[in-house]
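What follows is one structure encoded as structure tokens, with my remarks underneath.
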Amino acid sequence: MQRIRTIADALRLSAGVHPHRRVFGMWSDRGEDRWITFSQLDETCRAAAARLAVQLDRGARVLLVFPPGIEFMSAFFACAYAGLIAVPAYPPEPARLERTLPRLRAIVTDAGACAVLTTRALIDKLAPVAGLVPEIAGLSWIAIDDPGDASAWRDPGLEPDDVAFLQYTSGSTGDPKGVVVSHGNLLRNAEATSRAYRLSSDTRMVSWLPPYHDMGLIGSIVQPIYTGFPCLHLTPAQFLARPLRWLEAITAERATVSGAPNFAYDLCVHKVREEQKDSLDLSAWQTAYVAAETVRTDTLNRFSEAFARCGFSQSSWYPCYGLAEATLMVTGVEQGTGFRHRSCEGRVVVGVGCLVTDGELVIVDPDTGQRRLDGEVGEIWVRSSSVALGYWNRPGETAAAFGACTADGAGPFLRTGDLGFLCEGELHVTGRRKELMIVRGKNLYPTDVESTIDSMVRGAPYYRAGGAVAFSRELAGEERLFIAVEIERRTAERRGAAPRPGLAPERRGPDRRRRPFDYRGASGPALSLPEIARSVRAAVASEHGIDPFGVFLLRAGAVPKTSSGKKQRIALGASLLGDPSPRDVLYSWVAGRPNRPMREVA
């Protein structure tokens, strides 16, 4: 039997067992999905790796700059075939260079990358952008789709302890850290996930998650290779533009496994119309995993109710917990049992299951290292063979995060930075330690405040689902609560404007004849921006007993997010209270300051 040492070995084994089985597909709205088989992927990787091995030394860091797609997947595994260390990264967006280029430059510099692997078309397209960035322009640019000889490939002889890739965390500071993930980490986490989800070669998966971070990369690219099942991919842009596509893909594939962060399920409830549900069949969906951000009972219940007639079962819910520093998955519920919740500190918290990997998970006082009792909130610490090797070239930060010991001398543990508690062995995550807000002696989690706003304005024509952000800042020696809310740009038709003929409503695209912030044609009361801000303040004060010190109403899309869709609350707070972009702030109210008036934005 072939020894599985690396993810390349896993792909070669799957290609040998079922060479003609589909492995990765890309969704098309025209119904002509593009697929690649295990044997085709294996041949592509061997051909590319043979060329890469001639040009680059074993262990070199290679920046993968691709849009989501089969070429990215091929490049990732080709690096393993060639003995190289992959460094996945978002391609720079010409329209958003001020946001995307600084992160890319930081990654290139930190990783010490010597080459960029992409497609021939993207090399030509990015040439003007690369010229603006000396750190990128000076690298070797290699096209994955150039021809190569698969028979020239030679096994580089990697072992499980060799580094597979650097997973750059999507932090809020602009100083991303590279998590060093070994082949052994990947294989052990894939085995644990396979057992927890009860995966097999009969599994069918659908994913729209970005391939540049752990949940999308490992969960829907490495996992299908390891277990030997097909996965149909949508791009994140396809999902966000029309969430119905995700559910249509699950229906078309009869997918048994698919999942996303909490906000995605809310978006489906908000955007999918009743008549569109007639064509959906979600009865094959056995594992609907939800992770990467706080799991909310109201979201799960709303989605279950909204799509029950489409065959979705409440027992399919699979709340789980993980992070890049632990490769991916850490805990999960028992498959097929749905979700449970408990009350803590006056709030309802969804359980995310028990440890699914080897090792140990403990809750400790983050300052003293003392173990917490059942039901007591503390920092989540974990140790297992899935825990990554550390941060690339950052020994101090590696020691602090990966070398923690409890007060009784047990360790080393990974400090996750997340807060939570154990109850009957099940983990419940309450929030990020660095985002916990203590206002007037009361603990406030941003997600709880944001949920209050979501509930208040759900269905309102001006509100962008999931567009609320809560953060705090210390002013004059006192912690103050601030709220930011994204406002939809256009909602009501201009008077006398007729809809574009010949297109179904969901395929028409934006109507450029709409009046910004004119809600006279929408259901419900018309509200000005100052009135919206006042209603937000009132809702938060009523629910949490604290009046926000400031409210910012923002243009839709202004909230910065990580590659996995998490809100960057710290970065947003620094921007809004520092030097906010006039383009993004539509209206602001801050106690004791002149208010910004309502403005129409073209």
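Which residues, counting only those in segment 27-73, are under 18 Å from LEU11 (Cα atoms) and small (Gly, Ala, Ser)?
SER39, ALA47, ALA48, ALA49, ALA50, GLY69
Report whether or not GLY59 is assigned by TED's automatic domain parsing to the domain that holds ARG204 and assigned to a loop (DSSP other than H, G, I, E, B).
So GLY59 passes the test.
Provide a single number: the residues in segment 173-209 that are among the small types (Gly, Ala, Ser) and in contact with a Leu (Cβ under 8 Å, 6 or more places away or on another chain).
Residues in segment 173-209 being among the small types (Gly, Ala, Ser) and in contact with a Leu (Cβ under 8 Å, 6 or more places away or on another chain): 3 in total.
For PRO261, which of the numbered conditions (1) more than 30 Å from VAL163 (Cβ to Cβ); (2) surrounded by fewer than 24 Cβ atoms within 10 Å (Cβ to Cβ) fails to hold?
(1)
What tally of residues in segment 378-403 results from selecting those that are assigned to a helix (DSSP H, G or I) and hydroxyl-bearing (Ser, Thr, Tyr)?
1
Being without any contact (Cβ under 8 Å) to a residue 60 or more places away in the chain, assigned by TED's automatic domain parsing to the domain that holds GLU135, in a loop (DSSP other than H, G, I, E, B) and over 25 Å from VAL163 (Cα atoms) is the requirement here; does PRO91 meet it?
Here the answer is no, as PRO91 does not meet what is asked.
Being β-branched (Val, Ile, Thr) and under 16 Å from ASN262 (Cβ atoms) is the filter here, so list the residues in segment 296-330 that pass it.
Within segment 296-330, THR297, THR299 meet the criteria.
Scan segment 567-577 residue by residue and report those that are crowded, with 22+ Cβ neighbours inside 10 Å and modelled with pLDDT under 85.
Scanning segment 567-577 gives LYS567, ARG569, LEU572.
What's the number of the condition ALA113 fails, among (1) surrounded by 17 or more Cβ atoms within 10 Å (Cβ to Cβ); (2) touching a strand residue (DSSP E or B) at 6+ places or on another chain (Cβ under 7 Å); (3) at positive phi?
Result: ALA113 passes all but (3).
Tally the residues that are assigned to a strand (DSSP E or B) and at pLDDT below 80, restricting the search to segment 521-566.
1
Any residue that is of a type in the set (Phe, Trp, Tyr), in contact (Cβ under 8 Å) with a residue 12 or more places away in the chain and out of contact with any Cys (no Cβ under 8 Å at 6 or more places or on another chain) - is there at least one of those in segment 296-310?
Quick first cut of segment 296-310, residues of a type in the set (Phe, Trp, Tyr) only: 303, 307.
So of that shortlist, the ones also in contact (Cβ under 8 Å) with a residue 12 or more places away in the chain come out as 303, 307.
Okay, now just the ones that are also out of contact with any Cys (no Cβ under 8 Å at 6 or more places or on another chain), so none.
There is no residue in segment 296-310 that is of a type in the set (Phe, Trp, Tyr), in contact (Cβ under 8 Å) with a residue 12 or more places away in the chain and out of contact with any Cys (no Cβ under 8 Å at 6 or more places or on another chain).
Table: residues versus (1) under 17 Å from PHE76 (Cα atoms); (2) surrounded by fewer than 24 Cβ atoms within 10 Å (Cβ to Cβ).
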position	(1), (2)
MET205	no, no
MET215	yes, no
VAL222	yes, no
ILE225	yes, no
PHE229	no, yes
ARG245	no, yes
THR256	no, yes
LYS271	no, yes
ASP278	no, yes
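More than 30 Å from ASP202 (Cα to Cα) and in a helix (DSSP H, G or I): is that true of ALA48 in this structure? If you could, list the steps in order and put the result at the bottom.
Working: more than 30 Å from ASP202 (Cα to Cα): no; in a helix (DSSP H, G or I): yes.
When the stated conditions are applied, ALA48 does not pass them.
For segment 129-150, give me each residue that is surrounded by fewer than 18 Cβ atoms within 10 Å (Cβ to Cβ), assigned to a helix (DSSP H, G or I) and in contact (Cβ under 8 Å) with a residue 24 or more places away in the chain.
GLU135, ALA150
Scan LEU427, LEU422 and give me the residue that is within 21 Å of the chain's Cα centre (by Cα) and in a strand (DSSP E or B).
Within the list LEU427, LEU422, the selection yields LEU427.
The values are calculated or read from the model by the stated rules, or taken from the named source; none is laboratory data. The model shown is predicted, which means the values in this text are computed figures rather than measured ones. Backbone-built Cβ (ideal geometry, glycine too); neighbour counts: all protein chains shown.
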